[in-house]
Amino acid sequence: MASVTLDNITKRYEDTVAVNDMNLEIRDGEFLTLVGPSGCGKSTTMETVAGLTIPTEGSVHIGDREVTDLPPKDRGISMVFQNIALFPHMDVYDNISFGLRLRKYDQTEIEERVERAADVVQLEGMMDRMPEEMSGGQRQRVAIARAIVREPEVFLMDEPLANLDAELRVHMRTQLQRLHRELDTTIVYVTHDQAQAMTMSDRVAVIDGGALQQVAPPLTCYNEPDNLFVAGFIGSPAMNFMEGAATDDGFESRYVDVPFDPAENGIEPDQSLTVGVRPEDVYLERDQELAAEPSRTYDAIVDVLEPMGDEMFVYLLLDEDVEASAEGRGAGQLLVSLDPDTVIGEGEEIEVVFDRSNIHVFDSDTGEAITHRLR
Amino acid sequence: MSDVDADAGAEHPDVAAQAAATVDEPELDRGIVEGWAARMISNPERAYRAAFYVATVFFLVTTLFPFYWLFMVAITPRGSLRDVGVFTPGGVNLAAFIEIFQRIPFHRYMFNSFLIATVATVTVLIVASLAGYVFGRLRFRGRNLLLLGVLVTSFFPPAAFFIPLNRLFNANVDVLRPILSAGSLYNTPFAIFIPLSAIYLPLSIFILMTFYSQIPDGLEDAARVEGTTRIGALFRVIVPLSAPGVATAGVLTFITVYNEYFFSSLMTNGRPGNWAPMLEGILRYQGQFEVLFNLMAAASIVAVLPVAILVVVAQEKIVSGLTAGGLKE
């Protein structure tokens, strides 16, 4: 067990900057997820911790040790890879014991440890199988056993579930959480899937363009996103955004205006603003008592219904002349998540309200959040 | 004539084909060749199979017939060498296979060649593995230039190197005096396997580079995280996974060095104790007044055995190495 500290890490390739001045402290025993879109630098960040990439600038500490220039084998880490990366020429036992054999542990201890690790991931009786004879999930479990058998100080997991099918992914997600509880080790987890980040982590580090956007517990990222990127990235389906400007008595945009007192919310008149409302914070006018703090009503026309079973996504048009864009998320459109039993028909004219206690206001120019609850 | 025609007509598959074609397209009246061609066009598999057999038989005859002929010459008694026919020996005398070892220490010549080839193969595989790793898996400035340099050296005719190397190896070097009796490399195995290893290195580098570059990065990363150095990852993971490529490079090097004559004959004085190679031994059966063709043939067959055994053992790997190459993850 150890903490991991990244100080001013920058990684530059010839003309691109993969990671830009990253400062991140991963606490001892924490499950921290690095999440962001493809190519945002999250994998490079993890590779600098693993030692597979040497940062251009900055330093990496694991525990109290500076490891910036140490090779991966001397860092006390283990890693699970996206492509699983079992050694195809070795059976399960040899794969799991590879690291121990390299470190010259004695035979009985190796056997004991391998058995224990195999037990944790439920691999009993498969010790002499070759990787090619196993299913994706089994291989992934072998990879995890190989990582835990050395009892490292830090686990690194680079999209370990990306190559599994959906059902297995959900199953392995709970397995990993259980594993974290049992091992009580620091885990750094990389994924582009915000659902995995939300469900498993103690804290989530949202990365975009090689820079850290927000590091916080999942629900904080969800409820109080620091900026527009985090607000749009965390949560599925994504938040509704409306671009407009502040006036003397609130927010005004082409289709939606939200009255509030600018001074009380720390907003200057004429400031250009983006207002964000999550689909689940929009209610039908007739159900407005469900909202903690209902806003004024807005007219809308039901465009498309998407019943999901446990909830129903309703795409609304805020005006008759709005042209529905292909993704259904353009200006003048609103995505609402409603109870699946709601009686509503396509083309119907309805009225909706927002929950003012969950209206997010961002500065359009900087992208920074101004408030997450209108006063 | 008419008998033959009738026979052929009854059994020849092409006629059957023609009959089948006639059923399909009754308005066409095709000859035998035409029917055969139509059949080939409608079923290309058949044409491929026929071409395959023709090519295989041609290849087998051209490669194996010389061995058959060598064997016939070898078992013919010396006096009857004139009686060797195209397919029949002039007599039977298996004693030639024993006589080759009695007349000169042919086993020593073979051992020399075998040892030189083995050392050269091991050297080439180790150096080419490191070079192949660097060229195949690392990106660095000047990579293409270096690779071009390797390629260019492999284009030089080996004979161009001979005179400078011969001068060099004949020079007495004082530092070598304690290790080598004369202080020069002439008449030592070093004089043979050093230039040969260098000359056959580029081919192996190219073979191994191709194989090593196809091993997924994740496997090397995994090995390094698990506790190997880069070189450890190379020899514990990348090389074993490239076994077909390594076997191919190794066998090609072994065979070429084992068969090599130019350098090995000129870098020694031809005495078995001075590391003269197997070919030098075969030529020793050629005296001033007579040429013992039967012994030369017998020695040639014996000399082929180590390589034949090696190829049979490594065959599976070599075949997959030459055809496929690479590893699916």
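The values are calculated or read from the model by the stated rules, or taken from the named source; none is laboratory data. Since the structure is predicted, the reported quantities are computational estimates derived from the model, not experimental observations. Cβ placement follows ideal geometry from the backbone for every residue including glycine, while neighbour counts extend to all protein chains displayed. Just the protein is used for accessible areas: all its heavy atoms, side chains included, with ligands, DNA and RNA removed. Shrake-Rupley method; radii C 1.70, N 1.55, O 1.52, S 1.80 Å.
Things worth noting here:
- Prolate/oblate/rounded call for chain B, Cα gyration tensor, a/c under 1.5 rounded: oblate
- Distant-in-sequence amide H partners of A:Gln214 (H built 1.01 Å from N, under 5 Å): A:Val206
- Counting only protein heavy atoms and a 1.4 Å probe, the range B:97-323 has 49 square angstrom of accessible area per residue.
- Rounded to 5, the percent of DSSP beta bridges in chain A classed as antiparallel: 75 percent
- Scanning residues 5 or more positions from A:Asn227 or on other chains, those with amide H under 5 Å from its amide H are A:Ala369, with H placed 1.01 Å from N in the peptide plane.
- Tensor-based shape of the range B:45-172 (alpha-carbon gyration tensor, a/c under 1.5 rounded, otherwise prolate or oblate): oblate
- Over the range A:8-141, the pair-distance histogram of Cα-Cα distances with 5 Å bins from zero comes to 2, 8, 16, 17, 17, 14, 13, 9, 4, 1, 0 percent, rounded to whole numbers.
- DSSP-loop chymotrypsin sites (Phe, Trp or Tyr not before Pro) across the range B:126-225, with at most 12 other Cβ within 10 angstrom: B:Phe140
- Per residue accessible area of chain A, 1.4 Å probe, in Å²: 44 Å²
- Only protein atoms count toward the accessible area here, which uses a 1.4 Å probe; on chain B, the carbon and sulfur part of that area reaches 68 percent.
- Separation in nanometres of the label points that stand 7 Å from Cα toward Cβ, at A:Asp119 and B:Ile309: 5.0 nm
- GluC sites (Glu not before Pro), loop per DSSP, at most 16 other Cβ atoms within 10 Å - longest free stretch of chain A: A:125-310
- Global geometry of the range A:197-313, whether rounded, prolate or oblate, following the gyration tensor of its Cα atoms and the 1.5 cut on a/c: oblate
- When the alpha carbon coordinates of the range A:240-371 are projected onto the principal axes, the ranges are 41, 31, 22 Å, largest first.
- Here the 3J(HN,Hα) profile of the range A:214-231, calculated from phi with Karplus coefficients 6.51, -1.76 and 1.60 at θ = phi - 60°, is 6, 10, 6, x, x, 5, 5, 4, 6, 8, 10, x, 5, 8, 4, 4, 5, 4 Hz, Gly and Pro shown as x.
- Kirkwood-based shape ratio for the range B:22-116, expressed as Rg/Rh from alpha carbons: 1.37
- Take each residue in A:89-99, count the other chain C-beta atoms within 10 Å of its C-beta, and the mean is 2.
- For chain A, projected area of the alpha-carbon convex hull averaged over all directions, nm²: 22.1 nm²
- With a 1.4 angstrom probe, the accessible area lost at the B-A interface totals about 1700 Å².
- Of B:Arg46, B:Arg82, B:Arg103, the one that fluctuates the most in a GNM where chain B has Cα springs shorter than 10 Å: B:Arg46
- Residues of the range A:54-84 buried by at least 40 Å² on assembly (accessible area, 1.4 Å probe, chain alone as reference): A:Pro72, A:Lys73, A:Phe81, A:Asn83
- Per the Debye formula on identical point scatterers at the alpha carbon atoms of the range A:268-332, with no solvent, log10 I(q)/I(0) at q = 0.22, 0.25, 0.28 Å⁻¹ is -1.17, -1.31, -1.37.
- In order through the range A:199-209: 3J(HN,Hα) via Karplus (6.51 cos²θ - 1.76 cosθ + 1.60), integer Hz, x for Gly, Pro: 6, 9, 7, 6, 9, 10, 10, 8, 10, 8, x
- Once the mean of 1/r is taken over each pair of separate Cα atoms and inverted, the protein assembly as shown shows a Kirkwood hydrodynamic radius of 33.0 Å.
- Antiparallel DSSP beta bridges within the protein assembly as shown, percent to nearest 5: 75 percent
- Distance between the 7 Å Cα→Cβ label points at B:Arg271 and B:Thr62: 4.3 nm.
- A Gaussian network model of chain A, with springs between Cα atoms under 10 Å, assigns the largest mean-square fluctuation among A:Asp303, A:Asp193, A:Asp64 to A:Asp64.
- Rounded to whole Hz, the Karplus (6.51, -1.76, 1.60) HN-Hα couplings of the range B:164-174, x for glycine and proline: x, 5, 5, 4, 4, 6, 7, 5, 7, 10, 4
- Highest-fluctuation residue, B:Ala298, B:Ala120, B:Ala198 considered, GNM on chain B with Cα pairs under 10 Å: B:Ala198
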